[in-house]
Amino acid sequence: MEAPVIFNIQKFSIHDGPGVRTTVFFKGCPLQCKWCHNPEGMKYEIEPIQTKDGKEEIVGKHYTVFELVKELAKDQIFYEQSGGGVTLSGGEVMTQDMDYIVELLQTLKRKGISVVIDTSGVAPFKNFERVLPYVDRFLYDLKFIHSTLHKDYTGAPNELVLDNLKKLSKAGAVISLRLIQVDGVNNSKLAVKQTIRWLQDNHIHIDEVNLLPYHEFGSDKYARLGKPCQIFSKPSDETLEKTKLQWKMHHYTVTVGG
């Protein structure tokens, strides 16, 4: 079993699932989203990054399951009081060493700590099957309903994303559908209509829809990693409200934010 690389453990998160949470960011992702605000999470290995004052620091650290659980359990009282817990994010947690992930989930479960997984869906479904007994909710990121656009903006087609979403729904998983809103890219009225139609045609059960407005937080990291950065636009509040209403008209529970 290989310990994955973790690049951040963010405490008191309130946008990564219910209640107060600790979010663990695993390093490495099969996608290369052009608007990614965690570019330091793209590569699976530890790498250097330049600090804002021009020095060099290392991004990423290996944690054993024991070390990670010990750190996460420090805030268990806050999880219990708020209905929160731990969120595993990335990068892409579902492409890590799954023996490690399963052992981590089992250990947290034994301690009574709720777990949410944030995923792009780009992983073999057998990986999802292994974690289903221990995960309370999936935050499922859906960038585009059309595969060509998905490939243009993320570097990979979306057939696996959609297929895994079908299978998770059929398996009875609790799913929060997370839709990043990039103005003029994937937030048109037609795009929303087509996404809703696909969900309904395929009988996908969604517990809630989260509209996540694009932001530029983290754009400075690209230069510090020696990567090019493309800047997009955030939808206006009026546009977000119209998108929210469009979902609500089809009887979805929808919020702006996680």
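Look at V69 and say whether it is at pLDDT 95 or above and either assigned to a helix (DSSP H, G or I) or small (G, A, S) (or both). Criteria met by V69. Whenever a residue of the range 230-258 is more than 19 Å from L199 (Cα to Cα) and in contact (Cβ under 8 Å) with a residue 40 or more places away in the chain, its partners that are surrounded by 12 or more Cβ atoms within 10 Å (Cβ to Cβ) and among the aromatic types (F, W, Y), lying with C-beta atoms within less than 8 angstrom and at least six residues away or across chains, give the pairs Q230/W35; F232/W35; F232/Y214; S233/Y214; K234/Y214; P235/Y214.
On inspection, L162 qualifies as at pLDDT 95 or above, more than 26 Å from T22 (Cβ to Cβ) and of a type in the set (A, V, I, L, M, F, W, C). Reported count of residues in the range 206-216, each being more than 16 Å from H37 (Cβ to Cβ) and in a loop (DSSP other than H, G, I, E, B), is 2.
Filter the range 77-88 down to the residues that are surrounded by fewer than 24 Cβ atoms within 10 Å (Cβ to Cβ) and either of a type in the set (K, R) or touching a residue at least 40 places away in the same chain (Cβ under 8 Å) (or both), then identify the one that is nearest to P18 (Cα to Cα). Ranking the qualifying residues of the range 77-88, first place goes to G83.
Comparison of K189, K167, K151 shows that the only residue that is over 16 Å from the mean Cα position of the chain (by Cα), within 15 Å of L31 (Cβ to Cβ) and of a type in the set (K, R) is K151. Among residues of the range 217-228 being part of a loop (DSSP other than H, G, I, E, B), in contact (Cβ under 8 Å) with a residue 60 or more places away in the chain and on the phi < 0 side of the Ramachandran plot, the one that is surrounded by the most Cβ atoms within 10 Å (Cβ to Cβ) is S219.
Restricted to the range 1-41, and to residues there that are assigned to a loop (DSSP other than H, G, I, E, B) and of a type in the set (A, V, I, L, M), the residue that is farthest from H215 (Cα to Cα) is M1. Going by the conditions given, is L179 closer than 17 Å to T119 by Cβ, part of a strand (DSSP E or B) and without any contact (Cβ under 8 Å) to a residue 60 or more places away in the chain? Spelling it out, L179 is indeed closer than 17 Å to T119 by Cβ, part of a strand (DSSP E or B) and without any contact (Cβ under 8 Å) to a residue 60 or more places away in the chain.
If you take the residues in the range 229-258 that are in a helix (DSSP H, G or I) and in contact with a helix residue (DSSP H, G or I) (Cβ under 8 Å, 6 or more places away or on another chain), which one is surrounded by the fewest Cβ atoms within 10 Å (Cβ to Cβ)?
K242
With the structure loaded, tell me whether Y100 is in a helix (DSSP H, G or I), closer than 18 Å to G17 by Cβ and within 22 Å of the chain's Cα centre (by Cα) or whether it fails that test. It is false that Y100 is in a helix (DSSP H, G or I), closer than 18 Å to G17 by Cβ and within 22 Å of the chain's Cα centre (by Cα). Residues of the range 188-206 that are surrounded by fewer than 17 Cβ atoms within 10 Å (Cβ to Cβ) and either in contact with a helix residue (DSSP H, G or I) (Cβ under 6 Å, 6 or more places away or on another chain) or at positive phi (or both): N202, H203, H205. You will find that of I113, I117, the residue that is among the β-branched types (V, I, T) and either in a strand (DSSP E or B) or modelled with pLDDT under 95 (or both) is I117 and no other. For the range 23-46, the count of residues that are among the β-branched types (V, I, T) and closer than 19 Å to I117 by Cα is at least one. Charged (D, E, K, R) and within 14 Å of the chain's Cα centre (by Cα), is that true of E92? Yes, satisfied.
The values are calculated or read from the model by the stated rules, or taken from the named source; none is laboratory data. Not measured: the values here are computed from a predicted model. Every residue, glycine as well, gets a Cβ built from its backbone with ideal geometry; the counts of neighbours run over all protein chains shown.
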